[in-house]
C-alpha cells in the first residue's frame, strides 16, 4: 500500500469513528479529486440528455451527479434524486433548496423499490450503487415499469482497479452486470471504457 493509500485509510477510519454515516458515505464515494477520475462532464455528455427529460438518479448520495443531470435537462426537465439513507435525503433536500433547484425532486426510496411513477422515466442513472442492491435482477425487472417509451438505464459501477473497492468488495464485474441485466429483461445498448475506475454501460428494454 502506498503512503497516500495509508493516509486515505486513516482519514476514512477517522470519519467512521467521528462522523455520521452520511458524512462517511459522501467521503467514501467522492473523496479527494473525484472530478479528475470521474470525468463527470463527459459522462453526462455521453448520456445524450435533452431539455425536458426526466431522469432518476438512483443512489444519489450527496448529489454529485444529480445536480449536473439537472443542468443537462434544464428547467423543463426533472431529476429525481433517490436514496434510502435519510441523512442523504435531508442533505439533498437542503442543498436543492439552498441552490434554488426547482427541477430536483428528492425521494426516499426503499431497498427493493425506488418509488418512481410508472412510465415516466427517460433515463434511470446510477453510479457506484449497483453492488449495494441485493436482488439486482428482481430490482431492475421491476424498474422496467418505471421507464417511459425508449427509456434507458445507465449503470456506472466500480471495478477492482483501485484500493477502496478491492478492500471493501464494492465492485461488480461488467460481465456480471450484463448477465443480470439481461435476466432482468434488458439488452446492452452501449458501453464505454474511458473511466479507469468504473464500468459504464447503458441498457434498454429487450424486445418482447
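Each reported figure results from applying straightforward, stated rules to the coordinates on display, with no laboratory input. For clarity, every value in this text was computed on a predicted model and none was experimentally measured. Here the Cβ positions follow ideal geometry from the backbone for every residue, glycine too, while neighbour counts run over all protein chains shown.
From the Cα gyration tensor of segment 59-188, with a ≥ b ≥ c the square roots of its eigenvalues, which class applies: rounded if a/c is under 1.5, or else prolate if a/b is larger than b/c, or else oblate? Oblate, since a/c reaches 1.5 and b/c is not below a/b.
With a simple spin-label model that places each label point 7 Å from the Cα along the Cα-to-Cβ direction, the separation between residue 135 and residue 50 comes to 3.6 nm. Shown is the FRET efficiency for residue 206 and residue 108, computed with R0 = 35 Å from the Cβ-Cβ distance and rounded to the nearest 0.05: 0.70.
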